[in-house]
Amino acid sequence: MTPEPISGRRPTRAELTAYRGATVDDLVPDPVRLLFVGINPGLWTAAVGAHFARPGNRFWPAMHRAGLTARLVDASCGLEPVDRADLVERGIGISNMCPIATARADELSIEELREGGERLRELVRRCRPSVVAVLGVTSWRQAMGDRRAVMGPAEGFFEGARLWILPNPSGLNAHETVESLADKFRVVALDAGVELTG
């Protein structure tokens, strides 16, 4: 049995292992304009119940630099209610292709990714975002069986939404910086009609 998320503090290394296989609830406001989709939750994310929570992940710094959050979010101890409310008010949602927490995304099987792709299709049909921004081209290719997928805006629609494929914000992705990610996040936010700060 997976323990409850840790609240108000960072998890210890020993505690993280208990969250292998745990899931993290989607953050999907109504209406949702822009849905960010990660590959799957990491153990840190599962432990604190907040997406992209591991220190060193560039998602939240890039979100703030892009003008998508009112302040720099530190999700390492969980997502503060004020930060959740800010995302909901802007119509920004966060989900994952595969809901199963692992230490690394490459621990997922192709079958798990394909099941996650079907789960994502259902979510997008149900919540009807304007734009879906997938964070990780390799996992997208595997989940959807689309070897030709490339970074940037995709041709056509994904279950009625405009689709963008963006880089993974993990600190392990050496090809991107907070600034380069922020530039991409800003473009998709404008495409989705999200009001930027500043």
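The values are calculated or read from the model by the stated rules, or taken from the named source; none is laboratory data. Because the structure is predicted, anything quoted here is derived from the model rather than measured. Virtual Cβ from ideal backbone geometry, glycine too; neighbours counted across all protein chains shown.
So, in the range 78-88, of the ones that are free of Cβ contacts under 8 Å to residues at least 40 places away in the same chain and assigned to a helix (DSSP H, G or I), which residue ends up surrounded by the fewest Cβ atoms within 10 Å (Cβ to Cβ)?
Pro81
To keep it simple, each residue is scored yes or no on (1) within 25 Å of Ser180 (Cβ to Cβ); (2) surrounded by fewer than 14 Cβ atoms within 10 Å (Cβ to Cβ); (3) touching a Cys at 6+ places or on another chain (Cβ under 9 Å).
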{"residue": "Ala14", "(1), (2), (3)": "no, yes, no"}
{"residue": "Tyr19", "(1), (2), (3)": "no, no, no"}
{"residue": "Asp26", "(1), (2), (3)": "no, no, yes"}
{"residue": "Leu34", "(1), (2), (3)": "yes, no, no"}
{"residue": "Val48", "(1), (2), (3)": "no, no, yes"}
{"residue": "Met63", "(1), (2), (3)": "yes, no, no"}
{"residue": "Gly67", "(1), (2), (3)": "yes, no, no"}
{"residue": "Gly91", "(1), (2), (3)": "yes, no, no"}
{"residue": "Ala103", "(1), (2), (3)": "no, yes, no"}
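Return the pair list, or none, for Cβ contacts closer than 8 Å from residues in the range 90-116 that are assigned to a strand (DSSP E or B) to residues that are among the acidic types (Asp, Glu), at least 6 apart or on different chains.
From the range 90-116, the pairs are Gly93/Asp26; Ile94/Asp26; Ser95/Asp26; Asn96/Asp26.
Give the number of residues within the range 120-148 that are assigned to a helix (DSSP H, G or I) and either under 25 Å from Gly193 (Cα atoms) or among the acidic types (Asp, Glu) (or both).
Selection size over the range 120-148: 10.
Using beta carbons and a limit of 6 Å, which pairs, at least six apart or on different chains, have the first residue in the range 1-29 and outside any loop (DSSP other than H, G, I, E, B) and the second one surrounded by 13 or more Cβ atoms within 10 Å (Cβ to Cβ)?
Cβ pairs passing all conditions: Leu16/Leu43; Leu16/Ala47; Tyr19/Leu43; Tyr19/Ala46; Tyr19/Ala47; Tyr19/Ala101; Leu27/Gly93; Leu27/Ile94.
For the range 64-78, name all the residues that are of a type outside the set (S, T, N, Q) and out of contact with any strand residue (DSSP E or B) (no Cβ under 8 Å at 6 or more places or on another chain).
So the first thing to find is which residues in the range 64-78 are of a type outside the set (S, T, N, Q), and the list is 64-68, 70-75, 77-78.
Scanning the range 64-78 gives His64, Arg65, Ala66, Gly67, Ala70, Arg71, Leu72, Val73, Asp74, Ala75, Cys77, Gly78.
Can you pull out the residues in the range 149-175 that are assigned to a loop (DSSP other than H, G, I, E, B), within 18 Å of Phe59 (Cβ to Cβ) and at pLDDT 90 or above? Steps first, please.
As a first pass, look at the range 149-175 and keep what is assigned to a loop (DSSP other than H, G, I, E, B): 149-151, 159-160, 167-175.
Right, trim to within 18 Å of Phe59 (Cβ to Cβ) and you get 151, 167-175.
Within the range 149-175, Met151, Pro167, Asn168, Pro169 meet the criteria.
Residue by residue through the range 30-53, note down the ones that are under 15 Å from Ala105 (Cα atoms) and either over 17 Å from the mean Cα position of the chain (by Cα) or in a strand (DSSP E or B) (or both).
If the condition is that a residue be under 15 Å from Ala105 (Cα atoms) and either over 17 Å from the mean Cα position of the chain (by Cα) or in a strand (DSSP E or B) (or both), then Val37, Gly38, Gly42 are the ones that fit.
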